[in-house]
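Below is one structure, written out as structure tokens; the observations come after it.
Each reported figure results from applying straightforward, stated rules to the coordinates on display, with no laboratory input. All values derive from a computational prediction rather than experimental measurement. Using ideal geometry, Cβ is built from the backbone for each residue, glycine included, and neighbour counts are taken over all protein chains shown.
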Amino acid sequence: MLLYYAIGTSSLASHVAMEEAKLEFRLSKVDLKTRRDEGGDDFTQINPKGYVPALEFPNGELLTENIAILSWVAEKAPQLAPSGTLARIRLIETLAYISTEIHNNFKPFDRPDAGSNERNGARAIIAERLRLIAATIGEEGYVLGSHFTVADVYLFVTLQWVVKFDVPLSVKLKNYMSRINRRPAVSQALAREDAREMAPIAS
Ligand SMILES: N[C@@H](CCC(=O)N[C@@H](CS)C(=O)NCC(=O)O)C(=O)O
């Protein structure tokens, strides 16, 4: 399998989840400005949507969208999902909330034409969305209760942008973020991406 990623983006969620699942995969870094993958190929020929993450299977099929890739990883590694039919649907509910209500509201920070009013508006919306999701997290728990899931990986990545773009962050979410940050899969994914920055290798 080959995961197309870009540093500092939501593809880190797929990367961490795949490390959590102990899956074997290679990485290809995408330059989102030139839309070229690591081999210099036109990424839009691989993923016409042009964005990461994208996961290529050995048979050449491509899976895109954070929600889909994270759900697929959770299928492969059931320990990263809650058990029970309704609980699985709750996982999709939470992934959708993180994607559409939190992740998407960071778009003004990617657009150079977005002014401070628009960015401050986005900060306020994100802070409110986070307030609601934080209310579901117990002191030592995760977004879906006491069980760590792929939804935590996705939320964790968006919390990194919260810090980067000066969105207010509660103590509770800071503590939650530190808890996720201590997971070996997070260090493994970050180290693997960092190492490739120094000397790109086929790993
Ligand atoms: N709907 C997609 C959005 C993914 C997305 O926003 N990817 C960003 C990085 S976080 C990207 O590749 N942006 C480059 C672009 O859209 O040109 C998903 O949830 O996977």
Select from region 144-203 the residues that are farther than 22 Å from S71 by Cα and part of a loop (DSSP other than H, G, I, E, B) and list them in ascending order. F165, D166, V167, P168, L169, S170, R182, A199, P200, I201, A202, S203
Selected residue (criterion: surrounded by the most Cβ atoms within 10 Å (Cβ to Cβ)) from residues of region 89-101 that are within 16 Å of the ligand (Cβ to nearest atom) and more than 24 Å from P48 (Cβ to Cβ): I98
Are any of the residues in region 74-88 within 16 Å of the ligand (Cβ to nearest atom) and surrounded by 14 or more Cβ atoms within 10 Å (Cβ to Cβ)? yes
Just give me the residues in region 11-46 being within 10 Å of the ligand (Cβ to nearest atom) and within 30 Å of F148 (Cα to Cα), in sequence order. S11, L12, A13, S14, V30
Name the residue that is farthest from the chain's Cα centre (by Cα), counting only residues in region 130-160 that are crowded, with 19+ Cβ neighbours inside 10 Å and farther than 21 Å from A87 by Cβ. L130
Of all residues making up region 47-73, the number that are in contact with a helix residue (DSSP H, G or I) (Cβ under 7 Å, 6 or more places away or on another chain), more than 10 Å from the ligand (Cβ to nearest atom) and among the polar types (S, T, N, Q): 1
Might you check whether a residue that is within 16 Å of the ligand (Cβ to nearest atom) and assigned to a loop (DSSP other than H, G, I, E, B) occurs anywhere in region 102-111? yes
Looking at (1) closer than 19 Å to L3 by Cβ; (2) in contact with a Lys or Arg (Cβ under 9 Å, 6 or more places away or on another chain); (3) among the small types (G, A, S), can you tell me which one A189 breaks? (2)
